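The values are calculated or read from the model by the stated rules, or taken from the named source; none is laboratory data. Just so we're clear, the structure is a prediction, and the values are computed from it rather than from any experiment. Please note: Cβ atoms are built from the backbone with ideal geometry, for glycine as well, and neighbour counts cover all protein chains shown. Heads up: the accessible areas ignore ligands, DNA and RNA and are worked out on the full protein's heavy atoms, side chains in. Shrake-Rupley method; radii C 1.70, N 1.55, O 1.52, S 1.80 Å.
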Amino acid sequence: MKPILELLPEELPGEGYRKAQIAHWLYARGAMDFSEMTDLPKGLREALAGEWRISEFALVEAYPSRDGSVKYLFTLLDGRKTEAVYMPYENRKTVCLSSMVGCPAGCTFCATGALGFGRNLTAAEILSQLLAIAHHQGISPRDIRNVVLMGMGEPLLNLGNVLKAIRTMLHPKGLAMSPRRITLSTVGIPKGIHRLAEEDLGVRLALSLHAPDDETRRKIIPTAHRYSVGEILEAVRHYYARTKRRVTFEYTLLKGLNDHPWQARLLAKLLKGISAHVNLIPFNPWEGAPVEGTPKAGILAFAEELRRLGIPTSIRFSRGQDVGAACGQLALKAPKALTFTPTLEGAGQ
């Protein structure tokens with residue numbers, strides 16, 4: 001069986017307008033079985049079911065949080081696992097998607113990094129997360145209007161598959177999303193940032209900086225020795241010059257490590273000349289974490305120092321902490337779950 005979600009809408013099987021019908025069933029109606037595509041001839045439905053699969057998962061488990069968000073644990077067809085998070089708000093529905101099984105970055109504050117790297121996800125596996133969440137929530141995939149690629153993995157180290165998935169998200173016959181509502185988060189891969197700038201799909205860039213100086217950053221991100229803060233910011237400046245789009249800087253505050261006033265001042269200095277917004281993220285604890293979070297008073301003081309120096313700053317409190325779905329907590333842990341098995345014809349074959 002071949003993954004049909006690997007195909008752009010114009011590449012789908014069928015002749016003429018049949019392609020558009022199949023795309024509508026996948027991305028607007030959220031069909032999970034070819035037999036649901038009732039306006040297609042029976043012979044075509046049977047042919048599709050014999051050659052293609054829709055879902056990339058053998059099992060989907062859902063972990064509802066008290067705050068309304070839901071963590072999803074996906075068992076892939078090869079038995080590996082990855083996760084995503086559904087976050088409904090009053091005026092929008094957002095999903096946080098993964099681009100890998102595990103993550104190679106190894107950030108000390110992140111439970112995903114402690115898992116190590118498993119493998120890259122395919123474009124179909126990235127898109128399948130969104131479709132499975134929509135199915136479980138009983139909504140159309142097009143009701144999900146915000147995507148953040150901030151789950152498991154480093155998107156810029158799997159950029160080919162990530163960009164392929166994004167193109168289907170943006171396609172008018174795909175998920176028909178606005179590029180301004182798709183955010184790609186990276187720990188800082190200069191080559192990938194340059195490529196993202198040149199592709200210029202209109203998506204937003206979020207940089208997980210976490211420290212303004214190389215010495216501190218290497219303590220937080222063991223792989224940071226590959227690229228200096230200066231090299232990363234040079235790439236970001238190129239991205240901004242090329243796209244004129246504001247860049248978000250993610251900064252998880254860790255007690256006694258990256259929360260000193262001098263680091264706030266240095267961060268503000270580094271961001272001069274870039275249209276930047278800083279998201280300060282309180283540390284979300286997980287079992288075995290080697291670091292502690294900065295107390296609330298320290299978070300507020302760090303934010304105030306940045307604002308005093310003219311840097312737009314917000315404090316982002318993560319959702320889903322009680323089910324291990326908050327930022328930095330994705331670790332394939334399984335509290336009590338609601339489960340469903342995709343009923344797609346050919347799934348798992």
query: Distance from the Cα centre of the range 83-105 to that of the range 154-227, in angstrom?
result: 14 Å
query: Hey, what do the phi angles of the range 214-222 turn into as Karplus ³J(HN,Hα) couplings, whole Hz, using 6.51/-1.76/1.60 and θ = phi - 60°, x for Gly and Pro?
result: 5, 4, 5, 5, 5, 6, 8, 10, x
For the range 14-35 and the range 42-62, distance of Cα centres in Å: 12 Å
- request: Would you compute, from DSSP H runs of 4+ residues alone, the mean residue ellipticity of the chain at 222 nm, taking -39500 (n - 2.57) per run and dividing by the full residue count, rounded to the nearest 500?
  value: -9000 deg cm²/dmol
query: Carbon and sulfur together cover what percent of the accessible area of the range 203-242 at a 1.4 Å probe radius?
result: 43 percent
Point-charge dipole on Cβ atoms (K/R +1, D/E -1) for the chain, about Cα centre, debye to 20: 940 debye
- prompt: In terms of the Cα gyration tensor, with a ≥ b ≥ c the square roots of its eigenvalues, is the range 105-236 rounded because a/c is under 1.5, prolate because a/b exceeds b/c, or oblate?
  reply: prolate
query: Counting only protein heavy atoms and using a 1.4 Å probe, what share of the accessible area of the range 11-108 belongs to carbon plus sulfur, as a whole percent?
result: 50 percent
query: Could the peptides 74-85, 58-69 be put in order, highest first, of the mean number of other beta-carbon atoms found within 10 Å of their residues?
result: 74-85, 58-69
- line: Once the in-chain neighbours fewer than 8 apart are removed, the lysines whose Cα is under 20 Å from Lys164 read Lys2, Lys19, Lys173, Lys191
Residues of type aspartates and glutamates that Lys272 reaches as a straight line, Cα spacing below 14 Å, ignoring anything fewer than 8 places off in the same chain: Glu234
query: Which whole-number percentage describes the relative contact order of the chain, with Cα contacts under 8 Å and a sequence gap of 6 or more?
result: 21 percent
query: Across the Cα atoms of the chain, what radius of gyration and what greatest pairwise Cα-Cα distance (Dmax) are found, in Å?
result: 20.6, 69
statement: For the chain, percent of DSSP beta bridges that are antiparallel (nearest 5) comes out at 50 percent
Packing-based ranking, highest mean first, of 122-134, 160-172, 39-51 given that Cβ atoms within 10 Å are counted: 122-134, 160-172, 39-51
task: Give the relative contact order (percent, whole number) for the range 1-143; include only Cα pairs under 8 Å separated by 6+ residues.
output: 21 percent
- request: Would you mind getting me the FRET efficiency between Trp262 and Lys191? Use the beta-carbon distance for r and R0 = 35 Å, nearest 0.05.
  value: 0.70
query: When the chain is fully extended, how far beyond the present Cα-Cα distance does Lys42 get from Glu199, taking 0.36 nm per residue of separation?
result: 52.5 nm
query: Near Lys296, which lysines are there with a Cα under 23 Å away, not counting those fewer than 8 places off in the same chain?
result: Lys219, Lys255
